[in-house]
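Please read the structure below before turning to the comments.
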Amino acid sequence: MNYDVIIIGGGPAGMSALIWCHSLNLRALMLEHAPELGGQMLQMSHRVTDYPGMITENGRELRDRFVLQIEELGLEWRVGSSIEEINLKARRIKCQGQVLTGRAMIIATGARTRRLGIPGEDRFKTSGVSFSGTRDHSRYAGKKVCVIGGGDSAVENSLILSRVCPHVTLVHRSETFRARAEWLKQASENSKITIMPHTRALAIEGGDRVERLIVEDTDSGQQKSIATEGVFIKIGIAPNTEIFGGQLDLDNKGYIKVDHSQKTSIEMVYAAGDVCRPLSLSIATALGHSAAAAKAIKREFDHLSNTAAIT
Ligand code: NDP
């Protein structure tokens, strides 16, 4: 089947791209591999007050409004659509046995929470390991917990957890922190928070639930066991670019390189949202990328048809 634009990914960037393609009279199809649309919006448990035009209780509610809009516009999308093969140069995809081609593509595959890859991280994911203190803090009220990471997320989570937990240990592999100075100062002045720099997490252990975190001092190599009932892993995000297997240029962290119009290193292939390392991670940024990409594609199509008309 042929489309003007194939959009890969059904988070805010993908949904916005779909809406913009419709506005620009481009026939588009959006493919999402997960069973429902929304991407990282589905993990936003806090009240969303910084999205102009509406305040929602969480990301899912905002997602529902996006979905309502694409339904009302009668747009075309599929969920549970894993990509079996992809050829970006040919803008051809094989998905559920069907070959789909686009004159252009917008990659909006987003990013995912980075994992430590240590023993216990998977085993305890429903019994003491969490990837969000914002979402899960009330379940850990009254418990001693550890947070791993040294960026804004880890320090912010430590501060949030310190409001309900008797003690929080912030474990960070490096000496210096990436977190903003203001939050780091608040954490270091908080008597409920112990900061452990140059400390690497080695394993999460326990019985039915998490009971301890095994760590190592990166200077001395000395190992230590920290008694804890919860381990919050906040070590950043990683882009979902594996499926493109070296077909387009990525930066040194694996994010897709784009120009000012969101164009990638491949003709007629654009990228939008977290997959191309925005300066600021936000829904608003993802939506802006998609608008820029769809408009640039429309310009390219118009240019091609004008050139064809002249020759
Ligand atoms: P960051 O990429 O900023 O930080 C990740 C941290 O995790 C780093 O300290 C890094 O350590 C550590 N880390 C990475 N991989 C590993 C590993 N394998 N083992 C142990 N430690 C590891 O991620 P954040 O999620 O904190 O923030 C992402 C972005 O979101 C930032 O731009 C941040 O400003 C933003 N943000 C904004 C918020 C807000 O404005 N309210 C709230 C939270 C985040 P090292 O330094 O050694 O590499």
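The values are calculated or read from the model by the stated rules, or taken from the named source; none is laboratory data. None of these values were measured; they are calculated from a predicted model. Virtual Cβ from ideal backbone geometry, glycine too; neighbours counted across all protein chains shown.
Given the criteria over 29 Å from Ala187 (Cα atoms), at pLDDT below 95 and part of a helix (DSSP H, G or I), does Ala308 qualify? Lay out the reasoning, then the answer.
Working: over 29 Å from Ala187 (Cα atoms): yes; at pLDDT below 95: yes; part of a helix (DSSP H, G or I): yes.
Yes: the conditions hold for Ala308.
Looking at Ser280, Ser305, Ser225, which is the one that is more than 26 Å from Arg173 (Cα to Cα) and among the hydroxyl-bearing types (Ser, Thr, Tyr)?
On the way: Ser280 fails: more than 26 Å from Arg173 (Cα to Cα); Ser225 fails: more than 26 Å from Arg173 (Cα to Cα).
Among Ser280, Ser305, Ser225, only Ser305 is more than 26 Å from Arg173 (Cα to Cα) and among the hydroxyl-bearing types (Ser, Thr, Tyr).
Pairs under 7 Å by beta carbon, first residue in contact (Cβ under 8 Å) with a residue 12 or more places away in the chain in the range 234-259, partner part of a helix (DSSP H, G or I) and of a type in the set (Val, Ile, Thr), six or more apart or different chains?
From the range 234-259, the pairs are Pro239/Val275; Asn240/Val275; Thr241/Val275; Tyr255/Val275; Ile256/Val275.
So which residues in the range 159-180 are near the ligand (Cβ under 10 Å from one of its atoms) and surrounded by fewer than 20 Cβ atoms within 10 Å (Cβ to Cβ)? Spell out the reasoning first.
Just the residues of the range 159-180 that are near the ligand (Cβ under 10 Å from one of its atoms), to begin with: 171-180.
The answer is Arg173, Ser174, Glu175, Thr176, Arg178, Arg180.
Can you tell me which of (1) more than 16 Å from the ligand (Cβ to nearest atom); (2) surrounded by 17 or more Cβ atoms within 10 Å (Cβ to Cβ) is the one Ile283 doesn't meet?
(1)
Please enumerate the residues belonging to the range 128-150 that are part of a loop (DSSP other than H, G, I, E, B) and modelled with pLDDT under 95.
Looking only at the range 128-150, we keep the residues that are part of a loop (DSSP other than H, G, I, E, B), and these are 128, 131-132, 141-143, 149-150.
If the condition is that a residue be part of a loop (DSSP other than H, G, I, E, B) and modelled with pLDDT under 95, then Phe131, Ser132 are the ones that fit.
Given Gly74, Gly80, which one is surrounded by fewer than 16 Cβ atoms within 10 Å (Cβ to Cβ), out of contact with any helix residue (DSSP H, G or I) (no Cβ under 7 Å at 6 or more places or on another chain) and free of Cβ contacts under 8 Å to residues at least 40 places away in the same chain?
Working: Gly80 fails: free of Cβ contacts under 8 Å to residues at least 40 places away in the same chain.
Just one listed residue meets the conditions, Gly74.
Quick check: anything in the range 198-213 without any contact (Cβ under 8 Å) to a residue 12 or more places away in the chain, within 16 Å of the ligand (Cβ to nearest atom), of a type outside the set (Ser, Thr, Tyr) and not in a strand (DSSP E or B)?
We begin by selecting, within the range 198-213, every residue without any contact (Cβ under 8 Å) to a residue 12 or more places away in the chain; these are 207.
Those still in the list that are within 16 Å of the ligand (Cβ to nearest atom) too: none.
Looking through the range 198-213, none of the residues is without any contact (Cβ under 8 Å) to a residue 12 or more places away in the chain, within 16 Å of the ligand (Cβ to nearest atom), of a type outside the set (Ser, Thr, Tyr) and not in a strand (DSSP E or B).
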